[in-house]
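Visitor: Pasting a structure below so you can have a look.
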Amino acid sequence: MGMKIGIFDSGLGGLSVLNEALSKLSEHEFLYYADVKNVPYGQKSRDEILKFSFDAVKFLIKNGAEAVVIACNTATSVAIKELRANLSVPIIGMEPAVKKALTHDAEHRVLVTATPITVHGEKLKRLISSCDPNGLVDLLALPRLVEFAERQEFVSSAVEAYLRDAFAPYRFADYSAIVLGCTHFNYFKDTMRQLLPQNVRLVDGNEGTVEELARRTGLRTQ
Ligand code: DGL
């Protein structure tokens, strides 16, 4: 018998985590919770995000989830500590894959993109100070990508213009990677790829999150 695993995001972004989980843990059952009523979280208050996260995770547990993945960097940033302290199932969070990017290349700069809440949160500051002794990481909030994703506008001239503008201040010859620190940003890899030089890799946290899920639950990945 497989395990029942809950996956929660504010909206469509966490589907990329679900996709990774389905390919690595296909014999298990997944419940996906998208808080479409309250998305975007990235521009809400921390108190609101805390409440939404508790409601979502409790709903998943009530419906049989034996472990829950917070497939949302923003909700993880705000709520993971409180969720773990108050709920009894394993709760797996998601953080921007800064370590992964710096492990691959510790000499060039890394641009971490995320929502404003994640970018300004203490959790990301702590993560960066633990793994970036040389000050190679820059931060960029891209809140409009969440809005584009929720209206399923994944490729358009407006998306391209927004990203072109946001990337304009950076000299990408100095960068090895852009970290996609919001699950919604996965939908824009094609447009980013077109705008960026080849030396810049796009790094997401999906694989690492599913590995962590397997580790915390003792499940074997395929
Ligand atoms: N998908 C979420 C994340 O990974 C946030 C999107 C939102 O602003 O709701 O951060």
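FYI, it's all coordinate maths here, none of it is from the lab. Note that the structure is predicted; figures quoted are calculated from it, not measured. Here the Cβ is made from the backbone with ideal geometry for all residues, glycine too, and neighbour counts use every protein chain on show.
Visitor: Which distance in nm do the two modelled labels at K62 and N38 give, with both placed 7 Å along the Cα-to-Cβ direction?
Guide: 1.3
Visitor: For a quick check: sort C182, C131 by the number of other beta carbons within 10 angstrom, fewest at the front. Spell out each step's value before the answer.
Guide: Numbers: C182 33, C131 16.
Arranged by neighbour count, lowest to highest, C182, C131 become C131, C182.
Visitor: Just add up the charged neighbours of E20: K/R +1, D/E -1, any other residue whose Cβ is under 12 Å from the Cβ of E20.
Guide: Net charge in that neighbourhood comes out at -3.
Visitor: Let me ask you something else. If I model a spin label at T221 and L50 as a point 7 Å from the Cα along the Cα→Cβ vector, what separation in nanometres do I get?
Guide: It works out to 3.3 nm between the two label points.
Visitor: Please express the shape of the chain as an equivalent ellipsoid: the semi-axes are the square roots of 5 times the eigenvalues of the C-alpha gyration tensor, given largest first in whole angstrom.
Guide: In descending order the semi-axes read 28, 19, 17 Å.
Visitor: Continuing with the same structure: Once amide H atoms are built 1.01 Å from N in the peptide plane, which residues 5 or more positions from C72, or in another chain, come under 5 Å H to H?
Guide: Under 5 Å from the amide H of C72 lie the amide H atoms of M94, each far enough along the sequence or on another chain.
Visitor: Loop-only GluC sites (Glu not before Pro) in segment 90-166, please: DSSP not H, G, I, E or B, and at most 16 other Cβ atoms within 10 Å. Each step should come with its number before you reach the end.
Guide: Values: sites: E107, E122, E147, E150, E153, E160; in loops: E107, E153.
Answer by residue number: E107, E153.
Visitor: Next up: In segment 124-222, what chymotrypsin sites (Phe, Trp or Tyr not before Pro) fall in a loop by DSSP, with at most 16 other Cβ atoms inside 10 Å?
Guide: Qualifying residues, ordered by number: F154, Y170.
Visitor: Most exposed first by the Cβ proxy, i.e. fewest other Cβ within 10 Å, how do V203, V137 rank?
Guide: V137, V203
Visitor: Moving on to the next point. Taking the alpha carbon gyration tensor of segment 71-133, what are the square roots of 5 times its eigenvalues, largest first, to the nearest whole Å?
Guide: Rounded to whole Å, the semi-axes are 24, 12, 10.
Visitor: Right, here's the next one. Fully extended, how many nm does the chain gain between R126 and R201 (0.36 nm per residue separation, minus their Cα-Cα distance)?
Guide: Roughly 24.7 nm would be gained on extension.
Visitor: Follow-up. Using a cut-off of 13 Å between beta-carbons, work out the net charge of the residues near S156 (Lys and Arg +1, Asp and Glu -1, S156 not included).
Guide: Neighbour charge sum, excluding S156 itself: -1.
Visitor: To check my understanding: the extent here is largest minus smallest coordinate of the Cα atoms along each principal axis. What are those three numbers for segment 1-74, in Å, largest first?
Guide: 40, 24, 16
Visitor: Here is a follow-up. Given R₀ = 45 Å, what would the calculated FRET efficiency be for R171 paired with K4, taking r from the Cβ atoms and rounding to 0.05?
Guide: It comes out at approximately 0.40.
Visitor: Using the 10 angstrom Cβ neighbour count as an exposure proxy, how do R216, R109 rank, fewest first? Walk me through the numbers before you get to the answer.
Guide: On the way: R216 13, R109 20.
Ranking R216, R109 by Cβ neighbours within 10 Å, fewest first, gives R216, R109.
Visitor: Loop only per DSSP, at most 10 neighbouring Cβ atoms within 10 Å: give me the trypsin sites (Lys or Arg not before Pro) in segment 112-193, ordered by residue number. Write down the numbers at each step before the final one.
Guide: Numbers: sites: K123, K125, R126, R144, R151, R164, R171, K189, R193; in loops: R151, R171.
Answer by residue number: R151, R171.
Visitor: Show me, for segment 173-183, the HN-Hα J-couplings you get by feeding each phi into the Karplus relation (A = 6.51, B = -1.76, C = 1.60, θ = phi - 60°), rounded to Hz, glycine and proline as x.
Guide: Once θ is set to phi - 60°, the couplings for segment 173-183 become 4, 8, 10, 9, 7, 10, 8, 8, x, 8, 5 Hz.
Visitor: Applying 1/(1 + (r/R0)^6) with R0 = 30 Å to the Cβ-Cβ distance of A161 and N19, what FRET efficiency is obtained, to the nearest 0.05?
Guide: Approximately 0.60, to the nearest 0.05.
Visitor: Tell me the mean residue ellipticity at 222 nm calculated for the chain from its helices only (DSSP H runs of n ≥ 4, each -39500 (n - 2.57), averaged over every residue, nearest 500).
Guide: The helix contribution divided over the chain gives -13500 deg cm²/dmol.
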